[in-house]
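Novice: Take a look at this one; I'll ask things after.
The values are calculated or read from the model by the stated rules, or taken from the named source; none is laboratory data. The structure displayed is predicted, hence computed values, not measured ones. With ideal geometry, Cβ positions are generated from the backbone for all residues, glycine too; neighbour counts draw on all protein chains shown. Heavy atoms of the whole protein, side chains included, go into the accessibility calculation; ligands, DNA and RNA do not. Shrake-Rupley method; radii C 1.70, N 1.55, O 1.52, S 1.80 Å.
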Amino acid sequence: MDISVKLGMLKLKNPIMTASGTFGYGLEFKPYGRLEDLGAVVVKGLSLEPRQGNPMPRIVETPCGMLNAIGLQNIGVEAFLKEKLGLLPWKTTPVIVNLYGQTREDFARLADILSREQGVAALEVNISCPNVREGGIQFGQDPVQAARVTEVVKKSAGSKPVIIKLSPNVSDVTVIARAVESAGADAISLINTLGGMAVDIYTRKPCLANKFGGLSGPAIKPVALKMVHEVCKKVSLPVIGLGGISSARDVLEFILVGASAVQVGTATFTRPDRVFSLVSEVEKLAMELGLDSWNDFQGTLKN
Ligand SMILES: Cc1cc2nc3c(=O)[nH]c(=O)nc-3n(C[C@H](O)[C@H](O)[C@H](O)COP(=O)(O)O)c2cc1C
């Protein structure tokens, strides 16, 4: 079966993408598989200036996933464009740049810079990071702010599609989804990490230097699946589902509830080749289910 998908203006060879922050700048994963085989590569969130991120420790394992408080460490947009983008196979695989700003102006400037780059296929806007003091989640929890960021990014992004990445740390994610749809988003991705913490009874201290972090991995898959399902019913934009995906069955579950594509995040930490092997596994499972096309399957969950 042809497993390619259309994501608005983007055509992907298959629905499997990497999740921002879990795949570096892509190049680090060349020893583990062919980037060209992926649906798209989503790179680590970029800011205008380089960021050091939060102090360590900033990762803790949990029984069913992990907590991180990296704090959006990155090399900055200019260094990425100069040193990394040209080495990625952007002619054959869409490279999606995830971006983060502390103010609306930052988001607009980043979108403007990236709009001029031929190798950037789309922008993914992180309005949902729970681990930074300024920006991030404050935009993602308020529909008015979420819509305003979407508007400014759309204005500056030229012809590049704009994907808005939503936070699960809200009472009704569909309200935010509808707000960004009305503000002109081209697609939505969800979910980012869920706020969490871990403590040590011996030191009586939080395990993360930042105290709180974002939970990801298998523990959050049921939450993500529900939110993707709800959002797909309420908006007509393409939705990219993520959160705890690690098997072909997980991928098909997200497509069944309505997602057009998926991203693989924390699974990459336990198996750096996982995202690559999933491509053929998804094709095989689709054939086993007797599917002729994604249209027969996407969003066909029965009540
Ligand atoms: C170490 C780490 C760093 C992350 N950095 C980013 C980031 O820079 N931008 C972003 O939008 N999401 C970031 N995320 C969130 C992931 O892209 C993803 O939304 C989340 O981990 C849920 O998917 P998963 O359970 O498959 O990991 C990060 C997640 C982790 C674990």
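Novice: Express the carbon and sulfur contribution to the solvent-accessible surface of the chain as a percent, rounded to the nearest whole number, probe 1.4 angstrom.
Specialist: 51 percent
Novice: For a quick check of your reading of the filter: which trypsin sites (Lys or Arg not before Pro) in the stretch 159-238 sit in a DSSP loop and have no more than 14 other Cβ atoms within 10 Å? Could the numbers behind the result be given before it?
Specialist: Values: sites: Lys165, Arg178, Arg204, Lys211, Lys226, Lys233, Lys234; in loops: Arg204, Lys211.
Hits after loop and neighbour filter: Arg204, Lys211.
Novice: May I pose another question? Over the stretch 43-94, what is the relative contact order in whole percent, taking alpha-carbon pairs under 8 Å and six or more residues apart? Before the final figure, lay out each step's value.
Specialist: Working: 53 pairs, mean separation 20.4, N = 52.
Dividing the mean separation by the residue count of the stretch 43-94 yields 39 percent.
Novice: So, for the chain, what is the accessible surface per residue at a probe of 1.4 Å, expressed in square angstrom?
Specialist: Details: 13430 Å² over 303 residues.
The answer is 44 Å² per residue.
Novice: What number, in percent, do you get for the relative contact order of the chain if the mean sequence gap of Cα pairs under 8 Å and at least 6 apart is divided by its residue count?
Specialist: Values: 712 pairs, mean separation 60.3, N = 303.
20 percent.
Novice: Going by the alpha-carbon gyration tensor, a ≥ b ≥ c the square roots of its eigenvalues, is the stretch 1-130 rounded (a/c under 1.5) or, if a/c is not under 1.5, prolate (a/b greater than b/c) versus oblate? Spell out each step's value before the answer.
Specialist: On the way: a/c = 1.68, a/b = 1.19, b/c = 1.41.
Oblate, since a/c reaches 1.5 and b/c is not below a/b.
Novice: Whole Å is fine, so just give me how far the alpha carbon centre of the stretch 42-63 lies from that of the stretch 141-204.
Specialist: Result: 18 Å between the Cα centres.
Novice: Go through the stretch 282-289 residue by residue and turn each phi into a ³J(HN,Hα) via Karplus (6.51, -1.76, 1.60, θ = phi - 60°); whole Hz please, and just put x for glycine and proline.
Specialist: Computed from phi, the couplings for the stretch 282-289 are 5, 4, 5, 5, 4, 5, 4, 7 Hz.
Novice: Indicate the gyration tensor shape class of the stretch 203-303 (rounded, prolate or oblate), computed on the Cα atoms with a ≥ b ≥ c the square roots of the eigenvalues: a/c under 1.5 is rounded; otherwise a/b larger than b/c is prolate and the rest oblate. Intermediate values should be presented prior to the final figure.
Specialist: On the way: a/c = 3.02, a/b = 1.60, b/c = 1.88.
It comes out oblate by the Cα gyration axes.
Novice: I've got another one for you. Does the stretch 43-193 classify as rounded, prolate or oblate by the C-alpha gyration tensor (a ≥ b ≥ c root eigenvalues; a/c under 1.5 gives rounded; else a/b over b/c gives prolate, otherwise oblate)?
Specialist: Numbers: a/c = 1.60, a/b = 1.07, b/c = 1.49.
Oblate, since a/c reaches 1.5 and b/c is not below a/b.
Novice: Run through the stretch 14-113 and list the trypsin sites (Lys or Arg not before Pro) located in a DSSP loop whose Cβ has at most 14 other Cβ atoms within 10 Å. Kindly include the intermediate steps, with their values, before the conclusion.
Specialist: Working: sites: Arg34, Lys44, Arg51, Arg58, Lys82, Lys84, Lys91, Arg104, Arg109; in loops: Arg34, Arg58, Lys91.
Answer by residue number: Arg34, Lys91.
Novice: A follow-up question, please. With an 8 Å Cα cut-off and a minimum separation of 6 or more residues, compute the relative contact order for the stretch 9-76 in percent.
Specialist: Values: 93 pairs, mean separation 20.5, N = 68.
Once normalised by length, the contact order is 30 percent.
Novice: I've got another one for you. Show me, for the stretch 103-120, the HN-Hα J-couplings you get by feeding each phi into the Karplus relation (A = 6.51, B = -1.76, C = 1.60, θ = phi - 60°), rounded to Hz, glycine and proline as x.
Specialist: Rounded to whole hertz, the list is 10, 4, 4, 4, 4, 5, 5, 4, 4, 5, 4, 6, 5, 8, 9, 4, x, 9.
Novice: When DSSP assigns beta bridges and you keep just the ones with both residues in the chain, what percent turn out antiparallel, to the nearest 5? Display every interim value, and only then the final one.
Specialist: Values: 17 of 42 bridges.
Of those bridges, close to 40 percent are antiparallel.
Novice: Can you pull out the trypsin sites (Lys or Arg not before Pro) in the stretch 248-303 that DSSP calls coil and that have at most 12 other Cβ atoms within 10 Å? Spell out each step's value before the answer.
Specialist: Values: sites: Arg249, Arg274, Lys284, Lys302; in loops: Lys302.
Those that pass, being in a loop and sparsely packed, are Lys302.
Novice: I've got another one for you. Ranked from the most accessible area to the least, with a 1.4 Å probe and all protein chains present, what is the order of Leu166, Leu285? Working shown, then result.
Specialist: Working: Leu166 0, Leu285 40 Å².
Per-residue accessible area, sorted high to low, gives Leu285, Leu166.
Novice: Report, by chain and number, residues whose modeled amide H sits under 5 Å from the one on Glu124, excluding near sequence neighbours (fewer than 5 apart, same chain).
Specialist: The list, which skips near neighbours in sequence, is Val97, Asn98, Leu99, Ile163.
Novice: Percentage of Cα-Cα pair distances in the chain greater than 24 Å, rounded to whole percent?
Specialist: 48 percent
Novice: Take the chain, connect every pair of alpha-carbon atoms lying under 10 Å apart with a spring to form a Gaussian network, then pick out the residue of Leu190, Leu87, Leu289 with the largest mean-square fluctuation.
Specialist: Leu289
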